[in-house]
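Beneath this line is the structure, given in structure tokens, with notes to follow.
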Amino acid sequence: QVQLVESGGGLVQPGGSLRLSCAASGITFSSYTMSWYRQAPGKERELVAAITRTGGIRNYADSVKGRFTISRANAKNTVYLQMNSLKPEDTAVYYCNAARNTYGQYWGQGTQVTVSS
């Protein structure tokens, strides 16, 4: 069965950093586009960052561009989201997503990131 297991969330102060990890199993990881989404209280879920199969193309939401970096280690079946210069408005539940045409998509259960003093 497919599992996406997220880790690395927590409470940090504004200006701090966190690194989220998502370990996948049950899929051919290198065949999937991997993404991070987030959902803040009272807001819709939004795409934060995406990375193509071999890491050649990365896309970011304007709100995180220059602060967040998505990367993947296909040999470890893991995708990362390095978050720097965190702001209170980054507070959200962050979700890992794996997607592949004709094969559908999968979601992690989410990890809480709270940015507060």
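The values are calculated or read from the model by the stated rules, or taken from the named source; none is laboratory data. Since the structure is predicted, the reported quantities are computational estimates derived from the model, not experimental observations. Quick note on the areas: whole protein, heavy atoms, side chains included, nothing else; ligands and nucleic acids left out. Shrake-Rupley method; radii C 1.70, N 1.55, O 1.52, S 1.80 Å.
If you run the Gaussian network model on the chain, springs between alpha carbon atoms under 10 Å, then out of Asn84, Asn74, Asn101 the most flexible one is Asn101. Heavy-atom accessible area, probed at 1.4 angstrom with all protein chains present, ranks Asp62, Asp90 as Asp62, Asp90, highest first. Using a probe of 1.4 angstrom and keeping all protein chains present, the accessible surface of the chain works out to 53 square angstrom per residue. Of all accessible surface on the range 1-112 at a 1.4 Å probe, what whole percent is carbon and sulfur? Roughly 45 percent of what the probe reaches on the range 1-112 is carbon or sulfur. The solvent-accessible area of Thr102, taken with every protein chain present and a 1.4 Å probe, is close to 140 Å². Ligands, DNA and RNA excluded, the heavy atoms of Lys87 present near 80 Å² of accessible surface to a 1.4 Å solvent probe. Note: relative contact order over the chain, using C-alpha pairs below 8 Å and six or more positions apart, is 35 percent. For Arg100, Arg72, the ranking by accessible surface with the largest value first comes to Arg100, Arg72, using a 1.4 Å probe. Close amide-amide hydrogen proximity is noted between Val48 and Trp36, Tyr37, Arg38, each under 5 Å apart and 5 or more residues distant or on a separate chain (H modeled in the peptide plane; Pro and chain starts excluded).
Converting phi to 3J(HN,Hα) with the Karplus coefficients 6.51, -1.76 and 1.60 and the offset θ = phi - 60°, the range 62-72 yields 4, 5, 10, 4, x, 10, 10, 9, 9, 8, 9 Hz in sequence order, with x at every glycine or proline.
Our coupling estimate for the range 50-56, obtained by passing each phi through the Karplus curve with A = 6.51, B = -1.76, C = 1.60 and θ = phi - 60°, is 9, 9, 6, 4, 9, x, x Hz, Gly and Pro reported as x.
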